Amino acid sequence: MRSFRYAHPPSLAEATHLLAEGGAGTAVLAGGTDLIVALRQGRQAPRLVIDIKGVAELRPPISVGGGWMRISATTLMTALRDDRAIRESFPALAEAAAVVGSVQIRNRATLGGNICHASPAADTVPALLVYAAELELRSESGTRRIALEDFLVGPGQTALRPGELLTHVALRLPPLCPGAAFARLTRRRGVDLATINLACGMDGAGTTRLAYGAVGPRAFVVSDGTGVLADPRAAAADKEAILRQLLTRASPISDVRASQDYRAAMLRVLSLRTLRVCSDRLADATR
Ligand SMILES: Cc1cc2nc3c(=O)[nH]c(=O)nc-3n(C[C@H](O)[C@H](O)[C@H](O)COP(=O)(O)OP(=O)(O)OC[C@H]3O[C@@H](n4cnc5c(N)ncnc54)[C@H](O)[C@@H]3O)c2cc1C
C-alpha cells in the first residue's frame, strides 16, 4: 500500500473543501471494506484519503420528515437491518443489508459505500431501485439530487462528479411499493457475493417493479403495469411470458460464480418466488 495523507473532517464544508483541493488524487473513506482492499491491492493509490465517519451532518443515520425517509450515506448495514422504521416501510432494504458480507463487514460497511463502489452485485442497490431512491450529492458548489437509476453508470462507474460526496439516500413515504422483498442466490450460505440478486415491489394498483443485480454491467429496474405479475391467481405461464420480456435487459455472463445459462434460469425461478412473497406482503399491508 502506498502511503497517503489522512484527513478526518468534522463537517461537510471541510470534507467538500478537502475533496475540491485534493482533486483526482483523493479518495473518500467510509467503512473501508471496499476501499482498503483496493489500496492494499494497489488498484487505487490516492495521495489523500478523506474519512467521512466523523462528519456531523451525516448524523443521525436515519430521519423522517416532509414525506421522505433520509438515510445518511454513513449508515451501517447493521443499522439498516435493525431499524424498525426501515423494516416496516422498506423491508427489501433491511433484507438486503442483512446479507451483506459477515457480521464484521456489516458493522463497518455503509450504505453510501455500497452505492458508490458501483459493483453490479451490490446487494442494497436492487432494493433501492425498487423504491425509486434519490441521492443527495454535495460539493463545494452546493447540493444536487439525482435518481439512483441515473447515478449508476457501469461497473465501478457512477455519475458522481469530481469534488462530490454522497450524503443521503432519500426514500418516499409512504413507500412506493408496500409489498416488497429482496432475494439473492449465492454459491454457499455465508460470506459470498451474489450470483444474482433481486428486489421486487408491488403497489396496490397492480404495478410491479423488479430490480436485478449481477446480471449486467449495472443493476437495473423494470416495471409491469398489466397487473398480471401482481395477481396471485394469474397463471404461471402468463407471468413467465411477462418476465421473459422484462428480462431482455439482463445480460448474464459466465464466471466463477455461475454459468450464463444457470444465471438466466435462476433469474426466472427467483423472480417467481419473490413475486409470491410480495403478493403476500401486499395483501398483509392492505388488510
Ligand atoms: C469480505 C467481504 C464481503 C463482502 N460481501 C458483500 C456482500 O455480500 N454484498 C455486497 O453488496 N457487498 C459486499 N462487500 C462489499 C462491501 O462490503 C460493500 O460494498 C460496502 O457496503 C462498502 O461500504 P464501505 O463503507 O465499506 O465503503 P468504502 O470501502 O469506504 O468505499 C467504497 C467506495 O465508495 C466510495 N465512497 C464511500 N462512501 C462515499 C460517499 N459517501 N460519497 C462518495 N464516495 C463514497 C469510496 O471512495 C470507495 O471508492 C463485501 C466486502 C468484503 C471485504
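The simple spin-label model puts a point 7 Å past each Cα toward its Cβ; for residue 145 and residue 191 those points are separated by 3.8 nm. Taking amide H as placed 1.01 Å from N in the peptide plane, residue 147 has its amide H under 5 Å from the amide H of 135, each at least 5 places away in sequence or on another chain.
Our estimate of slack between residue 45 and residue 235, defined as 0.36 nm per intervening residue step minus the Cα-Cα distance, is 63.0 nm. A simple rule links phi to the HN-Hα coupling: the Karplus curve 6.51 cos²θ - 1.76 cosθ + 1.60 with θ = phi - 60°, which for region 253-258 gives 10, 8, 8, 4, 7, 5 Hz, with x for Gly and Pro.
With a 10 Å radius around each residue's Cβ, average the other Cβ atoms per peptide and rank 80-93, 253-266, highest first.
Packing proxy ranking, top to bottom: 80-93, 253-266.
Ranked by the mean number of other Cβ atoms within 10 Å per residue, highest first, peptides 233-245, 105-117 order as 105-117, 233-245.
Backbone phi angles across region 127-133, fed through the Karplus curve with coefficients 6.51, -1.76 and 1.60 (θ = phi - 60°), yield HN-Hα couplings of 4, 5, 5, 4, 8, 6, 4 Hz in residue order; Gly and Pro are listed as x.
Taking other C-beta atoms within 10 angstrom as a stand-in for reagent exposure, 277, 99 fall in the order 277, 99, fewest first. The string of couplings for region 69-75 from the Karplus curve (6.51, -1.76, 1.60, θ = phi - 60°) is 9, 10, 10, 5, 4, 8, 5 Hz, one whole number per residue in order, with x for Gly and Pro.
Which order do 286, 75 fall in if you start with the one that has the fewest other Cβ atoms within 10 Å?
Details: 286 10, 75 24.
Listing 286, 75 from fewest to most nearby Cβ atoms yields 286, 75.
In plain terms, the residue of 12, 272, 76 with the fewest other Cβ atoms within 10 Å comes first and the most crowded comes last, giving 272, 12, 76.
Every number here is computed from the coordinates shown, using simple stated rules; none is lab data. Only a predicted model underlies this, so the values are computations on that prediction, with no experimental measurement involved. Note that each Cβ is placed from the backbone with ideal geometry, even for glycine, and that neighbours are counted across all protein chains shown.
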